[in-house]
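The values are calculated or read from the model by the stated rules, or taken from the named source; none is laboratory data. These numbers come from a predicted model, not from an experiment. Don't worry about glycine lacking a Cβ; one is built from the backbone with ideal geometry, like all the others, and counts go over all protein chains shown. Note: accessible area is taken over every heavy atom of the protein model, side chains too, but ligands, DNA and RNA are not part of it. Shrake-Rupley method; radii C 1.70, N 1.55, O 1.52, S 1.80 Å.
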Amino acid sequence: WLSDCLSFKLSYYNEYKSYLSMVAKELTSHEEYIASVKKEFGRSRTKEFSAHNSKAHCVAWNSNGKYIASGSVDKTAIIQSFKDDRLSREFSLKGHDDAVDQLSWHPTDPNILATVSTDKTLRLWDIRTPSKSVGCIVTKGEVINMTWKNNGSTIALGNKDDLISFVDYKSQKITSEKEFGFEVNELAWDNMDTNFYLTSGSGTIHILEYPSLVELMVLPAHTAHCICLKFSPDKRHFATGGADALINIWDVDELVCLKSYSRLEWPVRTLSFNHDGSLLAAGSEDLVIDISHVATGEKITTISCNAFPFCCSWHPSQNVLAFVTDDKSKHNEKHSRDSDKTTGCVKLYGL
């Protein structure tokens, strides 16, 4: 009996020792990565590239990172190519009758772009034939959120009346829709396209089975409006940002909040994971974009903005962050004067 007991204790000790060794290696790996990224960004600066005549609302990279699109109050979406750390204007997509509020590239086809406007239409574009849209779908109400299914077959649209519409990409028709009895903010499919996520005005995350849209679970996430939600490309995490100024990191499989941090003082408006899911950019009305290390929550750097950022988007294979901001800051007169010179610019950080 004593021999068995000692053998068990020795086995437990060896397992615990192995676990501690693994944790130590992981911490060392994180420390080395954080140090290298901080050094990389320590040499970085923000560059501005002219795009629109009026303020830009949204920005996104295509799937291969060769092009970036921005949408504006000037009713256009501008396509710029990215090469040698510079943006060069290529096309102006014209067709909407009002401001382009949201845009999103096809998840795998680098030539297909979807845009939605205050004019209550969704337009599909093929940038190989940019003179006119290849599809126009009239939407029910003004769309404030849009997302693609990961396989590119469907686009989900959320309007101001909390109606979610699902558009089939091939037929370019609305195939189903559902109205919700609460404020719906951001929309997203999970990485497997089996569940559909909504963030709400009550600070919760609603997880629905797709395509039935039967509610599976409601997760309490924030003490005020849950504004934004993004899944990481490594399929391990998703992040939420709220009006309580908190940024939460969640485990995709366990659906538990792993980390919550609050370096910001104002509502978090935009989130973006970098290409490998190791970094998270969060923009708020603080006039900064916070970049953090996902695994530890440690701050990597802060990007100062001349006005609060509407949208940010990481390049799909490089640590280059694109963002667009409001034109003028109510908090700083100097920034307001500076912003007159940068109206409608797309800004890149990490060059």
Cα-based Rg then Dmax for the stretch 227-335, in Å, read 13.4, 47
P(r) of the chain over all Cα-Cα pairs, 20 Å bins starting at 0, rounded to whole percent, reads 29, 56, 12, 3, 0
Once both label points are put 7 Å beyond Cα along the C-beta direction, the LYS140-SER260 separation in nm becomes 3.5 nm
Judged on accessible area alone, 1.4 Å probe, highest first, HIS30, HIS96 line up as HIS30, HIS96
In this structure, among LYS47/LYS83; LYS94/LYS230; LYS66/LYS347; LYS55/LYS94; LYS75/LYS132; LYS230/LYS259, pairs with alpha-carbon gaps over 20 Å are LYS94/LYS230
PRE zone check, label point 7 Å out along Cα-to-Cβ of THR223, amide N under 14 Å, scope the stretch 275-299, hits none
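Run the accessible area of the stretch 30-174 with a 1.4 Å probe and give the carbon-and-sulfur part as a rounded percent.
43 percent
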One point scatterer per Cα, no solvent, Debye formula: log10 I(q)/I(0) for the stretch 136-279 at q = 0.12, 0.20 Å⁻¹ comes out as -0.47, -1.28
Under a 1.4 Å probe, counting only protein heavy atoms, TRP61 has an accessible area in Å², nearest 10, of 20 Å²
Under the rule rounded for a/c under 1.5, else prolate if a/b exceeds b/c, else oblate, using alpha carbon gyration tensor axes a ≥ b ≥ c, the stretch 60-121 is classed as oblate
Of 343-350, 214-221, ordering from highest average Cβ density within 10 Å down gives 343-350, 214-221
Once both label points are put 7 Å beyond Cα along the C-beta direction, the THR46-LYS170 separation in nm becomes 4.4 nm
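Does the stretch 87-205 come out rounded, prolate or oblate by the C-alpha gyration tensor, with a ≥ b ≥ c the root eigenvalues, rounded set by a/c under 1.5 and, if not, prolate when a/b is larger than b/c and oblate if not? Can you show the working numbers first?
Details: a/c = 1.85, a/b = 1.50, b/c = 1.23.
Prolate.
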Here the relative contact order (percent) of the chain, from C-alpha pairs under 8 Å and at least 6 apart, is 13 percent
Largest-first ranking of LYS170, LYS94 by accessible area, probe 1.4 Å, whole protein assembly kept, is LYS170, LYS94
Each label sits 7 Å from Cα toward the beta-carbon; between ASP253 and ARG86 the label points are separated, in nm, by 4.7 nm
Helix 2-42 sits off the longest principal axis of the Cα atoms of the chain, rounded to the nearest 10 on a 0 to 90 degree scale, by 30 degrees
